[in-house]
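The values are calculated or read from the model by the stated rules, or taken from the named source; none is laboratory data. Since this is a predicted model, take the numbers as computed values, not measurements. Cβ placement follows ideal geometry from the backbone for every residue including glycine, while neighbour counts extend to all protein chains displayed.
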Amino acid sequence: MSVFEIMMLVCFGAAWPFSLYRSWRSRSNAGKSLFFLCVVLAGYISGLLHKLFYSFDQVIFLYLLNGLMVAGDILLYFRNRKLMRGAPPVGR
């Protein structure tokens, strides 16, 4: 277990609750990239699998927590896209 790995995951993970809240409240995908979210999720899944197969320790829970938050943001992306398709055009 590396203190640097823990700090990296804590720092990256600190941003996701704000992103989730913003996605939920704004009901918009402005500034979001589905491709970026999927790449980040793939990174967390890779870290999780590495911990499972090669270096199991408590840090696995940070990978899992961060991955779940990114997955939640992806779900909100699709929810917001559906909401935006049904919304009237801006300015009318």
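On the phi < 0 side of the Ramachandran plot, surrounded by fewer than 12 Cβ atoms within 10 Å (Cβ to Cβ) and either touching a helix residue (DSSP H, G or I) at 6+ places or on another chain (Cβ under 8 Å) or at pLDDT below 95 (or both): is that true of residue 71 in this structure?
In short, no.
Scan region 28-37 and give yes if some residue there is modelled with pLDDT of 95 or more, of a type in the set (Gly, Ala, Ser) and over 16 Å from residue 81 (Cβ atoms), otherwise no.
No, every residue in region 28-37 fails to be modelled with pLDDT of 95 or more, of a type in the set (Gly, Ala, Ser) and over 16 Å from residue 81 (Cβ atoms).
Conditions: (1) without any contact (Cβ under 8 Å) to a residue 40 or more places away in the chain; (2) of a type in the set (Val, Ile, Thr); (3) within 18 Å of residue 15 (Cβ to Cβ). Residue 70 meets all but one. Number of the miss?
Failed condition: (1).
Please identify the pairs in which a residue from region 20-48 that is crowded, with 17+ Cβ neighbours inside 10 Å has its Cβ atom under 7 Å from the Cβ atom of a residue that is β-branched (Val, Ile, Thr), counting only partners at least 6 apart or on another chain.
The qualifying pairs are 37/70; 37/74; 40/70; 41/70; 41/74; 44/70; 48/60.
Across region 1-19, what is the total count of residues that are exposed (fewer than 11 other Cβ atoms within 10 Å of the Cβ), under 12 Å from residue 73 (Cβ atoms) and either among the small types (Gly, Ala, Ser) or more than 14 Å from the chain's Cα centre (by Cα) (or both)?
0
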